[in-house]
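Everything below concerns the one structure shown next.
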Amino acid sequence: MRIKNETRDTLLADRAFEARGFWPRLVGLLGRSSLEPGEALLLDPCTSVHTAFMRFAIDVVYLDRDGNVVKVSPNLKPFRASGVLRGGRSVVELPVGVIQATGTVPGDQISFDS
């Protein structure tokens, strides 16, 4: 799946995969050594994330039900947790640097396509 910032006409990921359901969302990126450039994980539904037991930092983009960015957390380090985001619907986990490189900020519109 591709994830695009429509507002800025930038590509966040061209090899995104989804975690839907309790166990896939709970496991998330655990066991991986990194996210490669172009990769991402979409967690839906999801209003908070943790990086407990992860080996690497991630960029996190929080979306509402319409795909609007409501919050960004660049460089979320291992063994951290985000607070619960009210009004959030899903989360995209990305390699560190993608938020800055794409200029993604709250209010941007994100799209997904296969």
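The values are calculated or read from the model by the stated rules, or taken from the named source; none is laboratory data. The shown structure was predicted, so the numbers you read here are calculated from the model rather than taken from an experiment. Cβ coordinates were reconstructed from backbone atoms using ideal geometry, including for glycine residues, and neighbour counts include every protein chain displayed.
Miscellaneous remarks
- Filter pass, residue 53 being on the phi > 0 side of the Ramachandran plot, surrounded by fewer than 19 Cβ atoms within 10 Å (Cβ to Cβ) and among the hydrophobic types (A, V, I, L, M, F, W, C): yes
- Within the stretch 73-86, the set of residues being more than 13 Å from the chain's Cα centre (by Cα) and buried (at least 18 other Cβ atoms within 10 Å of the Cβ) comprises 85 only.
- Selection count where residues are in contact (Cβ under 8 Å) with a residue 12 or more places away in the chain and at positive phi, scope the stretch 10-33: 1
- Top-ranked residue in the stretch 72-82 [being of a type in the set (A, V, I, L, M, F, W, C) and either more than 17 Å from residue 25 (Cβ to Cβ) or assigned to a helix (DSSP H, G or I) (or both); ranked as modelled with the lowest pLDDT]: 79
- Hey, residue 5 touching a helix residue (DSSP H, G or I) at 6+ places or on another chain (Cβ under 7 Å) and of a type outside the set (Asp, Glu) or not: yes
- Single match in 61, 69 (criterion: touching a helix residue (DSSP H, G or I) at 6+ places or on another chain (Cβ under 8 Å), among the β-branched types (Val, Ile, Thr) and either farther than 15 Å from residue 89 by Cβ or assigned to a strand (DSSP E or B) (or both)): 61
- Residues of the stretch 83-114 that turn out to be assigned to a loop (DSSP other than H, G, I, E, B), farther than 16 Å from residue 42 by Cβ and out of contact with any Asp or Glu (no Cβ under 8 Å at 6 or more places or on another chain), as a count: 7
- Annotation: of all residues in the stretch 1-33 being among the small types (Gly, Ala, Ser) and surrounded by 14 or more Cβ atoms within 10 Å (Cβ to Cβ), the one that is nearest to residue 95 (Cα to Cα) is 13.
- Scope the stretch 18-47; condition in contact with an Asp or Glu (Cβ under 8 Å, 6 or more places away or on another chain) and part of a loop (DSSP other than H, G, I, E, B); matching residues: 20, 28, 29, 35, 38, 44
- Residue match in the stretch 87-95 (condition: surrounded by fewer than 18 Cβ atoms within 10 Å (Cβ to Cβ), polar (S, T, N, Q) and touching a residue at least 24 places away in the same chain (Cβ under 8 Å)): no
- Of the residues making up the stretch 39-46, one or more are surrounded by fewer than 17 Cβ atoms within 10 Å (Cβ to Cβ), modelled with pLDDT under 95 and either within 11 Å of the chain's Cα centre (by Cα) or farther than 24 Å from residue 101 by Cβ (or both).
- Meets criteria (more than 18 Å from residue 7 (Cα to Cα) and in contact with a Phe, Trp or Tyr (Cβ under 6 Å, 6 or more places away or on another chain)) for residue 76: no
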